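Peer 1: One structure, as structure tokens, below. Some questions next.
The values are calculated or read from the model by the stated rules, or taken from the named source; none is laboratory data. Remember, it's a predicted structure, so these values are computed and weren't measured experimentally. For neighbour counting, all protein chains shown are included, and Cβ atoms are generated from backbone atoms with ideal geometry for every residue, glycine included.
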Amino acid sequence: MKQVTQVSQLKQEIADARANGKRIAFVPTMGALHDGHLSLVDQVRTEENFVVASIFVNPLQFNDPSDYENYPQSLGVDARLLSDRGVDVLFLPEPETVYPEQPNLITPEQIETNVSLGLEGEHRPGHFSGVLTVVSRLFDLITPDIAAFGKKDAQQLALIRSLVSHQLASGRRMPLKIIAGETIRDDHGLALSSRNARLDSEQLEIARTINVALASCDGKADVEAAIGEAKSLLSDEIKLDYLEIVDPATFEPVSGDYEGSAIALFAGYVGQVRLIDNREISIKGS
Ligand code: PAF
């Protein structure tokens, strides 16, 4: 695996791979890697693909400065994990490489979707503009044919899909396939997250009630009752931002008589650490 920091080196590696008939598969990350990230690499690593991973802690997507300052970093370990997993190039840009000029923020409104209005969009103002801006910028630099994102960030994934459709329709981007990776959980059901590294053993126990709460929503007939029961299963130590059941197409809360596929989503604090999780569920209808 080659580690590159400069755009010129990156472009050369990509041009060589294309000249060898390879497709470019991209796995963007912010580092502090876990099996969720590595499973994305596994999903795109094939004979035909040249795999580029990036580690860039994107300052634009942190609405809370202390979250940015405390974001876990483990570059040496990450590089070894990616190399062992068969990544071809690891792109490690500095902020001025990603943003040589003041970035023109891409807002979710620009891509004409309401998916960003609630949940993370409401609780983390500016977060999705930062995510869409960095993802679009990295796509411009890497020009991938395929890019992989985890389902743990379900709303982010939906917005990135919308961004790509929008950019394809306007001729702004070449065809690009977005691949979704399943959420990977520990033996107790806790969704793997880079932020879990900041939890002590007691906090890990507390965080493990999140999955129990979300899973309890599956197969229920009444949405409000399902949310009430799920909240009661969360540890009292959790400071809840939201626990909602939404329509997977719109990310808008579903009403009492809803029937069909849905997503139960959680965000909240365990100590100082903000965690999110979600489960694809079905609501049976009354
Ligand atoms: O999901 C993440 O880790 C980040 O939001 C991403 C997609 C790498 C953009 O910084």
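Peer 1: Under 6 Å between Cβ atoms, at least 6 apart or on separate chains: pull out the pairs that start in the range 49-69 with a residue that is closer than 20 Å to Ala17 by Cβ and end on any residue that is in a loop (DSSP other than H, G, I, E, B) and more than 9 Å from the ligand (Cβ to nearest atom).
Peer 2: These pairs meet every condition: Phe50/Lys22; Phe50/Asp88; Val51/Arg45; Val51/Val87; Val51/Asp88; Ala53/Val87; Ile55/Leu92.
Peer 1: Working only within the range 173-224, note down all residues that are among the small types (Gly, Ala, Ser) and closer than 28 Å to Val41 by Cα.
Peer 2: Ala180, Gly181, Gly189, Ala191, Ser193, Ser194, Ala197, Ala207, Ala215 - these are the residues of the range 173-224 that are among the small types (Gly, Ala, Ser) and closer than 28 Å to Val41 by Cα.
Peer 1: Among (1) among the β-branched types (Val, Ile, Thr); (2) more than 15 Å from the ligand (Cβ to nearest atom); (3) in contact (Cβ under 8 Å) with a residue 60 or more places away in the chain, there is one condition Val27 misses while meeting the rest; what is its number?
Peer 2: Against the list (1) among the β-branched types (Val, Ile, Thr); (2) more than 15 Å from the ligand (Cβ to nearest atom); (3) in contact (Cβ under 8 Å) with a residue 60 or more places away in the chain, Val27 comes up short only on (2).
Peer 1: Can you tell me how many residues within the range 228-258 are assigned to a loop (DSSP other than H, G, I, E, B) and modelled with pLDDT of 95 or more?
Peer 2: The qualifying residues number 11.
Peer 1: Could you please give the count of residues in the range 234-260 that are in contact with a Ser or Thr (Cβ under 8 Å, 6 or more places away or on another chain), farther than 16 Å from Ser282 by Cβ and surrounded by fewer than 17 Cβ atoms within 10 Å (Cβ to Cβ)?
Peer 2: Selection size over the range 234-260: 1.
Peer 1: Here's something else I'd like to know. For the range 33-149, list the helices (runs of 4 or more DSSP H) that sit wholly inside it and hold at least 2 residues that are surrounded by 15 or more Cβ atoms within 10 Å (Cβ to Cβ) and within 12 Å of the ligand (Cβ to nearest atom); which are they?
Peer 2: Result: 35-44, 127-142.
Peer 1: Is it fair to say Ala148 is of a type in the set (Gly, Ala, Ser), in contact with a helix residue (DSSP H, G or I) (Cβ under 6 Å, 6 or more places away or on another chain) and closer than 21 Å to Val57 by Cβ?
Peer 2: Here the answer is yes, as Ala148 does meet what is asked.
Peer 1: Something else now. Look at Gly189 and say whether it is more than 15 Å from the ligand (Cβ to nearest atom), in contact with a Lys or Arg (Cβ under 8 Å, 6 or more places away or on another chain), small (Gly, Ala, Ser) and modelled with pLDDT of 95 or more.
Peer 2: Considered against the rule, which asks whether it is more than 15 Å from the ligand (Cβ to nearest atom), in contact with a Lys or Arg (Cβ under 8 Å, 6 or more places away or on another chain), small (Gly, Ala, Ser) and modelled with pLDDT of 95 or more, Gly189 comes out as yes.
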